[in-house]
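Novice: What follows is a structure written as structure tokens; I'll ask about it next.
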Amino acid sequence: MEQMDLLLTGIGCLATPAGDVLRSGKEMQEIQEIKDAAIAIQGGRIALFGAEADVRNKLKGAAITETLDAGGRLVTPGLIDPHTHLVHGGSREHELALKRSGVPYLTILAQGGGILSTVQATRASSEQALYEKAYRSLDTMLMQGVTTVEAKSGYGLSLEEELKQLRAAKRLNETHPVDVVSTFMGAHAVPSEYKGRTDAYVDLVCAMLPEVAQEGLAEFCDVFCEQGVFTVAQSRRILLEGRRLGLMPKIHADEIEPLGGAELAGEVGAISAEHLLAASDEGLRQLAKGGVIPVLLPGTSFNLGMNKHARAREMIDTYNLPVALSTDYNPGSCPTESMQLIIMLASLNLKMTPEEILTACTINAANAIGRGRQIGSIEIGKRADLSLFDAPNLAYLPYHFGINHTFGVIKNGQPLVWDRQMIYAQAGKGESVS
Ligand code: NIG
Ligand code: FE
């Protein structure tokens, strides 16, 4: 131990899942908590962590470039948001009155609104405008303690327009300090020019896949498998073709109707299946059998005013599944970038414990986007992605709600947020939009 770039001292409570593997069922409860802790960082990675006295002892004689005092706060791995529709044009507050008067989400879509309204706004936006809007959302996420975000295309619905979204996401990953992991979701809706010709549109999506894969613009391929959108057979075709080209399957499954999306996720070896409010018992069994990660999005059911929630307790207690949590940030069903709102809703509506919630927002979320080895826990050798919260313990996060607890964020060993202020203009990956 000769030299350390950063020593974070004064951690009141360090809370992290251990290891780099998924935590399933009861394991989700197993959190390592260390009081009065410290973390030493070198080359952007965690070099040492533990009780502060032990860490200081081991560092005797080492040169330490910078020391920061966490002031007795809670420190966790940086939060990971593994399911978002980050890059899009416009917003949909004009549909709020319709939604509040009880018009169902799928009816608004069938009438040419909903996702299709955002398709129009996205097509009308330049790649630069999409980039700038999403950049601001990433800033909001960062201020909430989020250090890695998955981003789906799916508001272009033609090759050029999908590529435009994916290229914006690629540039965001290169220039914003938050990491952005891309998913191709050409099968998010059937565009109006293909109305009534869904199979022809599925042909087009399959024809887009080679270009997306060749340009290296996405790691995953996702489909909205839902009544009136894409059937199980159509979803299967797209996901298998994506898989053949090296894109790992993901699937929006059984969100509103129990179509059998969860069963399909198991069948095609999807890395994750999302939503799952209406998933059947057999569907949950197939997820467990296929090693599929259920990504639950409690903000969506909350915002759509559904009196129904994903069966998180059964998933964890009965099916031994590794649940992950995410915002589903999008302009329709869940217009929020706030992982801390999701933490509260996971407690309130999914009845998950604070420990399970942390696991779901860190190591399980990391695995849902293929990053379990690099991020998602405080572990020697892992990236030093850390969130500091103005909270004495883990349970305080879902308990004290509706505010932002984030005091600081460290990404790759660089403090990006400190004392509730964004300081990354000096420390980030590169250019800033403003
Ligand atoms: O995950 N359900 C489909 N897709 C998104 C919503 C997209 C939108 O409404 O713009 C979701 O909820
Ligand atoms: Fe979604």
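The values are calculated or read from the model by the stated rules, or taken from the named source; none is laboratory data. Predicted, not measured: the structure shown is a model, and the values here were computed from it. In this analysis, Cβ positions are derived from the backbone assuming ideal geometry, glycine residues included, and neighbour counts consider all displayed protein chains. Heavy atoms of the whole protein, side chains included, go into the accessibility calculation; ligands, DNA and RNA do not. Shrake-Rupley method; radii C 1.70, N 1.55, O 1.52, S 1.80 Å.
Novice: Would you work out if region 37-123 is rounded, prolate or oblate? Take a ≥ b ≥ c from the square roots of the eigenvalues of the alpha-carbon gyration tensor; rounded if a/c is under 1.5, else prolate when a/b is larger than b/c, oblate otherwise.
Specialist: prolate
Novice: Once you order the gyration tensor axes a ≥ b ≥ c over the Cα atoms, which shape class does region 351-418 get: rounded for a/c under 1.5, otherwise prolate or oblate by comparing a/b with b/c?
Specialist: Taking the square roots of the gyration eigenvalues as a ≥ b ≥ c, region 351-418 is oblate.
Novice: Right, something else. What shape does region 79-368 have by the C-alpha gyration tensor, where a ≥ b ≥ c are the square roots of the eigenvalues, rounded means a/c under 1.5, and otherwise prolate means a/b greater than b/c and oblate the rest?
Specialist: Rounded is the answer for region 79-368, as its axis ratio a/c remains below 1.5.
Novice: Return, ordered by residue number, the residues of region 350-368 whose backbone nitrogen is under 17 Å from a label point located 7 Å along Cα→Cβ of residue 26.
Specialist: Residues 353, 355-356 qualify, since their backbone N sits under 17 Å from the label point.
Novice: If each of residue 120 and residue 35 carries a label point 7 Å out from its Cα toward its Cβ, how far apart are those two points in nm?
Specialist: The two pseudo-label positions are separated by 6.0 nm.
Novice: Given a 1.4 Å probe, how much area per residue of the chain is accessible, in Å²?
Specialist: I get 36 Å² per residue for this part.
Novice: Between beta-carbons, use under 12 Å as the cut-off and find the net charge around residue 340, counting Lys and Arg +1, Asp and Glu -1.
Specialist: -3
Novice: For region 121-151 and region 236-281, compute the distance between their C-alpha centroids and round to whole Å.
Specialist: Region 121-151 and region 236-281 have Cα centres spaced 26 Å from each other.
Novice: How would you rank 344-353, 264-273, highest first, on the average number of other Cβ atoms within 10 Å across their residues?
Specialist: Per-residue Cβ counts within 10 Å, averaged per peptide and sorted highest first, yield 264-273, 344-353.
Novice: OK, next. In a shell of Cβ-Cβ distance under 11 Å around residue 42, excluding residue 42 itself, what net charge do Lys and Arg (+1) and Asp and Glu (-1) give?
Specialist: Summing Lys/Arg as +1 and Asp/Glu as -1 gives -1.
Novice: Counting only DSSP beta bridges with both residues in the chain, tell me the antiparallel percent, nearest 5.
Specialist: 45
Novice: Let me ask something else. Determine the dipole magnitude for the chain: charges of +1 sit on the beta-carbon of Lys and Arg, -1 on that of Asp and Glu, nothing else is charged, the reference point is the Cα centre, and the result goes in debye to the nearest 20.
Specialist: Taking the Cα centre of the chain as origin, the dipole is about 60 debye.
Novice: Once both axes come from the Cα atoms, what is the angle between helix 159-175 and the longest principal axis of the chain, in degrees from 0 to 90, rounded to 10?
Specialist: 0
Novice: Estimate the FRET efficiency between residue 400 and residue 193 by the formula 1/(1 + (r/R0)^6), using the beta-carbon distance for r and 51 Å for R0, to the nearest 0.05. It would help to have the intermediate numbers written out before the result.
Specialist: On the way: r = 49 Å, r/R0 = 0.95.
FRET efficiency, residue 400 to residue 193: 0.55.
Novice: 222 nm [θ] for the chain, helices only, -39500 (n - 2.57) per DSSP H run of 4+, per residue, to 500?
Specialist: Details: 16 runs with 149 residues, N = 434.
Counting only the DSSP helices, I get -10000 deg cm²/dmol.
Novice: Using a 1.4 angstrom probe on heavy atoms only, work out the carbon and sulfur share of the accessible area of the chain in %.
Specialist: 50
Novice: Apply 1/(1 + (r/R0)^6) to the Cβ-Cβ distance of residue 63 and residue 132, taking R0 = 45 Å, and write down the FRET efficiency to the nearest 0.05. Walk me through the numbers on the way to the answer.
Specialist: Values: r = 41 Å, r/R0 = 0.91.
Using R0 = 45 Å, I get an efficiency of 0.65.
Novice: Right, something else. Cβ under 14 Å from residue 106's Cβ, residue 106 left aside: what net charge do those residues give with Lys, Arg +1 and Asp, Glu -1?
Specialist: Net local charge, residue 106 excluded: -4.
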